[in-house]
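Data block below; observations after.
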Amino acid sequence: MKKQKTALLVLPALLISLSVVLFPGILTVLTSFTDFNGLSFDFNFIGLKNFQELFADRFFRLSFRNNFVWSCTYMIVPVGIALLISYLLCRRQRGRNVYQVLFLIPYVLAPITNAIIWMNAIYSPVTGFVSILKSWGLPLTSPLSSIQGALFGVAAVDIWHYWGFLMVVFLAAFRQTPQDQVEVAMVEGCNGWQMFRYVYFPSMLPTFRLMFIMVLIFSFQSFDYIWLMTGGGPAHATELLSTYSYRFAFKMFQFGKAASVALFMCIFGLIASCIYVCLSKKENMV
C-alpha cells in the first residue's frame, strides 16, 4: 500500500518529464531523417542524407573539434580550480561564508551580463584591460579577434562563471567528511596533501564523480557565451555543435540538419550518463 501511494505521488512528475523530454526527443529523432524546413508541415523522409552531408561538411568537423577542445578544457580547468579552492576553504573556518558568496556571484549573474563585462571591461582594446596593457607598450589584441585564441577567450569567461558553483558543491561534500577520520589523520601527523588524498577526497568521491559527468554533459550543450561573444566566429574558430545546430535551424531553416546535429550531441550525453550509471553500480557492489 505504501509503495502504491509513493508511485501515485511520483506519477505527476513522471508524466511532466515524459511530456517535456520524451515527446520532443522522439520528434527530434524523427525530424533528423527528414528535410523539414520549419516553415511548412512537409516532412519528406530522406533517410540518412542529413547525416551523410554532415560528415562531409568540413565546418561540422571543425565544430566537433572545437567542441572536443572546449569539453577537455571545461573538464580540467574549472574542476581543478573548484577542487583546490573548496579544499582550502574546508580547512579554513574564518570568513569561509564570505568567500563562498564572492566566488558564487559570477554564477548568479545572467550570461549576457558576464559577457558584456568581459567584452567591455577586459577584452576591449579601447575601453578594457587590454587597452591598459597596450598603453604600456605590450603588443596585445583582444583574444576574441584571434582565430587561435577566440575559443579559449570565451572558455575563460564561461569557466570564470561556472567554477564558483562547482566550488560550493565540492565544499559541501568535503564538509561531510567524518570528523573522527580528520582528527585521527591529524594525530598521525598527515600533511595537507595526505589529508586530501586519503581522508577528504575518498569521502566526496561520489559527488566528484557526479559533477565531473555533469560538466562533461554541460560542455557539449554550451551555447550562450559563444553566441553572445563571438557568434561562432571569427572564421568559425569558436563554432560548437550547439551553435552549428542553431545556425541550421534559425539561419538557414534546415531543421532536419539541425535535428541531426542535436542528435549527434545527445550521443555524448548518453555515453556520459551510461558511464556514471556503470560506475555507481560498481561502487554499490563494492
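Evaluate the following for F23: is it within 25 Å of the chain's Cα centre (by Cα), closer than 19 Å to S260 by Cβ and among the hydrophobic types (A, V, I, L, M, F, W, C)?
It is true that F23 is within 25 Å of the chain's Cα centre (by Cα), closer than 19 Å to S260 by Cβ and among the hydrophobic types (A, V, I, L, M, F, W, C).
Can you tell me which of S245, S280 is in a helix (DSSP H, G or I), polar (S, T, N, Q), more than 30 Å from I46 (Cα to Cα) and out of contact with any His (no Cβ under 9 Å at 6 or more places or on another chain)?
Being in a helix (DSSP H, G or I), polar (S, T, N, Q), more than 30 Å from I46 (Cα to Cα) and out of contact with any His (no Cβ under 9 Å at 6 or more places or on another chain) holds for just one of S245, S280, which is S280.
Could you tell me whether any residue of region 184-192 is at pLDDT 90 or above and touching a helix residue (DSSP H, G or I) at 6+ places or on another chain (Cβ under 7 Å)?
no
Quick test of your reading of the structure: G149 fulfils all but one of (1) among the small types (G, A, S); (2) under 30 Å from V98 (Cα atoms); (3) surrounded by fewer than 21 Cβ atoms within 10 Å (Cβ to Cβ); (4) within 22 Å of the chain's Cα centre (by Cα). Name the failing condition by number.
G149 satisfies all of (1) among the small types (G, A, S); (2) under 30 Å from V98 (Cα atoms); (3) surrounded by fewer than 21 Cβ atoms within 10 Å (Cβ to Cβ); (4) within 22 Å of the chain's Cα centre (by Cα) except (2).
Since N37 meets every condition but one in (1) in a helix (DSSP H, G or I); (2) within 25 Å of F250 (Cα to Cα), which condition does it not meet?
(1)
Which condition breaks for G47 when tested against (1) surrounded by 12 or more Cβ atoms within 10 Å (Cβ to Cβ); (2) touching a Phe, Trp or Tyr at 6+ places or on another chain (Cβ under 9 Å)?
That leaves (1) as the condition not met.
Contact list please: Cβ distance under 9 Å, first residue in region 198-221 and free of Cβ contacts under 8 Å to residues at least 24 places away in the same chain and over 21 Å from L151 (Cβ atoms), second residue among the β-branched types (V, I, T) and assigned to a helix (DSSP H, G or I), pairs at least six apart or on different chains.
V199/V182; V199/V184
Looking only at region 40-70, which residues are in a helix (DSSP H, G or I) and among the hydroxyl-bearing types (S, T, Y)?
If the condition is that a residue be in a helix (DSSP H, G or I) and among the hydroxyl-bearing types (S, T, Y), then S63 is the only one that fits.
Pick from I147, I117: which is outside any helix (DSSP H, G or I) and modelled with pLDDT of 85 or more?
None of the others qualify; the one that does is I147.
So D42 fits all but one of (1) over 25 Å from the mean Cα position of the chain (by Cα); (2) closer than 30 Å to R209 by Cβ; what number is the exception?
Checking D42 against (1) over 25 Å from the mean Cα position of the chain (by Cα); (2) closer than 30 Å to R209 by Cβ, the one that fails is (2).
Can you name every residue in region 188-245 that is within 30 Å of R58 (Cα to Cα) and among the hydroxyl-bearing types (S, T, Y)?
Of everything in region 188-245, those that are within 30 Å of R58 (Cα to Cα) and among the hydroxyl-bearing types (S, T, Y) turn out to be S219, S222, Y225, T230, T238, S242, T243, Y244, S245.
Name the pairs whose Cβ atoms lie under 6 Å apart, with the first residue in region 67-89 and within 20 Å of M195 (Cβ to Cβ), the second basic (K, R) and in a helix (DSSP H, G or I), and 6 or more positions between them or separate chains?
The qualifying pairs are L89/R96.
Here is a list: L210, L166. Which entry is in a helix (DSSP H, G or I), crowded, with 19+ Cβ neighbours inside 10 Å and not charged (D, E, K, R)?
Of L210, L166, the one residue that is in a helix (DSSP H, G or I), crowded, with 19+ Cβ neighbours inside 10 Å and not charged (D, E, K, R) is L166.
Can you pull out every residue in region 1-53 that is within 19 Å of F264 (Cβ to Cβ) and polar (S, T, N, Q)?
Once the filter is applied, which keeps residues that are within 19 Å of F264 (Cβ to Cβ) and polar (S, T, N, Q), region 1-53 yields T28, T31, S32, T34, N50, Q52.
The values are calculated or read from the model by the stated rules, or taken from the named source; none is laboratory data. Predicted model only: the values in this text are computed from it and were never measured. Note that each Cβ is placed from the backbone with ideal geometry, even for glycine, and that neighbours are counted across all protein chains shown.
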